[in-house]
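Trainee: Have a look at this one.
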Amino acid sequence: MKQAIAFLLILAWSAWVFASELKHGEPESAGMSTDRLERVTDVMQGYLDRDVLAGIHVLVARRGVIVYDNALGTRGLDDDRPLEKDALYRIYSMTKPITAVAAMQLYEQGKFKLTDPVAEHIPEFAEIMVYSEDGEHKPPERTMDMRHLLTHTTGLGYGLGRWHPVDRIFQEKRVFQSANLEEMTEKIASIPLKFNPGDRWAYSIAVDVTGLVVERLSGQSFDQYLDEHIFQPLGMVDTFFQIPEEKHDRLLPVHNWDRGQNKLVMRPVEPDAYREVSLYSGGGGLISTGIDYLRFAEALRAGGELDGARIIGRKTIDYMTQNHLPAATPGAGAGDTPTQAATREQISSFGFGLGFGVNTNPIAAGNLSSQGEYNWGGAAGTVFWVDPEEELVVVGMIQLMGASGLLSTDLKIAVLQAIID
């Protein structure tokens, strides 16, 4: 009798493990239509036919089943080999949600509170000032805390443009040419804030600073921490800051859209890119594949667990993916968000959580979507979104600089219209 009970328990456990695995399956098994999902292929092929992209990989998972996984086109304008599903992409700012999860793992362990002053963990920020046009930089009116760091409300700059004096200082100090996170943070601490912490939302280098917080609180280098606590548990075998030499030939080239010639062009090749990396940028440094990022996003959708490996608590994910911005905080919805907010109404429909853009009003967004969807994108056009209401995860991978938002509207309609229950 005991042997029979033990055997039944083993069978039940095996069935549970199999049921929890992220696997490919028939769309109808997850409440989606095979025929209607072909409209996703139509959208992808349309980009290729118009010569907007060289190649594109889209994955869709519903209720833990991969119902669509298709790569079309070529590796690049100068490489006509077919795009493979294991191609490596620069995901740039899609690194940010991973960094936020890493930080919140430490939050769960009691390593910090969201109300902690950032300077408690990054003492270099203790004397940081706020930019003033009169040249007399002033002390901030309120303390920068960890919630500010995770919601892009710190006042920190980024150096991505030259329209603001603070961004020009970032470029002059060569912040992104720093040897490591320690040197980067020393430079950042010497640059004034654009505004007082909490005054508004503005895309910034805060997530790179968050990577240093993770290093200091964990006692591990940021790359080691991510590998041990996120990538290995989730089976993300192709996500890293430094590409292993044997995988380097899978890295795709990056393209630009030449407005003058109105055509796709190659960006200069960087033969030494992602070799000998020492600056582990939590804001934009990771390389990944479509399936690896789908595994990460599906773990979030499933409440922090995938294939029996839990990386974070369900309540923590629920908390991170709510809108943390006060109603009066302007500026949300900009940056590398997969929804390009073109109007004031669209901007007001998107909030920001702890590491994610959040859809707070689908009607105002002006596009088929769900309230509570959370998302982000990267500078080379990669996107992902999680739709908790529909138990849905979508990942779109391309390599076109400045294409944030390209895959959002048409692709979202094509995916959501295929839901049949």
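The values are calculated or read from the model by the stated rules, or taken from the named source; none is laboratory data. Remember, predicted model here, so these are calculated numbers, not experimental data. When we count neighbours, we look across all protein chains shown, and the Cβ atoms used for this are built from the backbone with ideal geometry, even at glycine. Protein only, heavy atoms only, side chains kept; ligands, DNA and RNA dropped before computing areas. Shrake-Rupley method; radii C 1.70, N 1.55, O 1.52, S 1.80 Å.
Trainee: Based on DSSP H runs of at least 4 residues, each adding -39500 (n - 2.57), what is the mean residue ellipticity at 222 nm of the chain after dividing by all its residues, to the nearest 500 deg cm²/dmol? List each step's numbers first, then the result.
Mentor: Working: 14 runs with 130 residues, N = 421.
That calculation yields -9000 deg cm²/dmol at 222 nm.
Trainee: Excluding Val166 itself, calculate the net charge of residues whose Cβ lies under 12 Å from the Cβ of Val166, where each Lys or Arg counts +1 and each Asp or Glu counts -1.
Mentor: +1
Trainee: Determine, from the Cβ-Cβ distance of Lys138 and Asp49 and an R0 of 45 Å, the FRET efficiency 1/(1 + (r/R0)^6), rounded to the nearest 0.05. Spell out each step's value before the answer.
Mentor: Values: r = 55 Å, r/R0 = 1.22.
Efficiency, rounded to the nearest 0.05: 0.25.
Trainee: Compute the acute angle (0 to 90°) between the alpha-carbon long axis of helix 206-218 and the principal axis of greatest extent of the alpha-carbon atoms of the chain; round to the nearest 10°.
Mentor: Once rounded, the angle reads 80 degrees.
Trainee: Highest mean first, what order results for 60-66, 151-157 on Cβ atoms within 10 Å? The partial results should precede the final answer.
Mentor: Numbers: 60-66: 21.4, 151-157: 27.0.
Top of the packing list down: 151-157, 60-66.
Trainee: Now for a separate question. Please give the contour-minus-distance gain from Asn180 to Lys111: 0.36 nm per residue of separation, less the Cα-Cα distance, rounded to one decimal in nm.
Mentor: Difference between extended and current length: 22.6 nm.
Trainee: Over the chain, what is the relative contact order in percent, taking alpha-carbon pairs closer than 8 angstrom and at least six residues apart?
Mentor: It rounds to 21 percent for the chain.
Trainee: Here is a further query. Between Arg267 and Glu246, what is the FRET efficiency for a Förster distance of 25 Å, r being their Cβ-Cβ separation, to the nearest 0.05?
Mentor: Efficiency for this residue pair is about 0.55.
Trainee: If you average the alpha carbon positions of segment 345-421 and of segment 259-322, how far apart do those two centres end up, in angstrom?
Mentor: 15
Trainee: Further question on the same structure: Which net charge results for the neighbourhood of Met320, defined as the other residues with beta-carbon distances under 13 angstrom from its beta-carbon, given Lys and Arg at +1 and Asp and Glu at -1?
Mentor: It works out to a net charge of +3.
Trainee: Now, a different point. Once R0 is set to 60 Å, what does the formula 1/(1 + (r/R0)^6) return for the Cβ-Cβ distance between Ser29 and Ser190, expressed as a FRET efficiency to the nearest 0.05?
Mentor: After rounding to 0.05, the efficiency reads 0.60.
Trainee: Moving on to the next point. Please label the shape of segment 240-335 as rounded, prolate or oblate, based on the square roots a ≥ b ≥ c of the eigenvalues of the alpha-carbon gyration tensor (a/c under 1.5 means rounded; beyond that, a/b larger than b/c means prolate, else oblate). Present the calculation step by step, with values, prior to reporting the outcome.
Mentor: Values: a/c = 2.33, a/b = 1.34, b/c = 1.74.
Oblate shape, in that a/c is at least 1.5 and b/c is the bigger or equal ratio.
Trainee: Ranking request for peptides 234-245, 191-202, 293-304: highest mean number of other beta-carbon atoms within 10 Å first, then the rest in descending order.
Mentor: 293-304, 191-202, 234-245
Trainee: On to the next question. Between helix 95-108 and the chain, what is the angle of the helix's C-alpha long axis to the longest principal axis, kept within 0 to 90° and rounded to the nearest 10?
Mentor: 90
Trainee: Now, a different point. Can you bin segment 106-199 into rounded, prolate or oblate? Criterion: square roots of the alpha carbon gyration tensor eigenvalues sorted a ≥ b ≥ c, rounded for a/c under 1.5, prolate for a/b above b/c, oblate for the rest.
Mentor: oblate
Trainee: Another one. Which of the chymotrypsin sites (Phe, Trp or Tyr not before Pro) found in segment 60-163 are loop residues per DSSP with 11 or fewer other Cβ atoms within 10 Å of their Cβ?
Mentor: In loop regions of segment 60-163 (DSSP not H, G, I, E or B), the sparsely surrounded chymotrypsin sites (Phe, Trp or Tyr not before Pro) are Trp163.
Trainee: On to the next question. Collect residues whose amide H, placed 1.01 Å from N in the peptide plane, falls under 5 Å from the amide H of Phe352; neighbours closer than 5 in sequence don't count.
Mentor: Residues meeting the amide H criterion: His324, Leu325, Val358.
Trainee: Where in segment 226-250 does the label zone of Arg81 land, with the point 7 angstrom along Cα→C-beta and an amide N cut-off under 16 Å?
Mentor: Flagged as within label range: 244-250.
Trainee: How large is the accessible surface per residue of the chain, computed with a 1.4 Å probe and reported in Å² as a whole number?
Mentor: Heavy-atom SASA per residue in the chain reads 43 Å².
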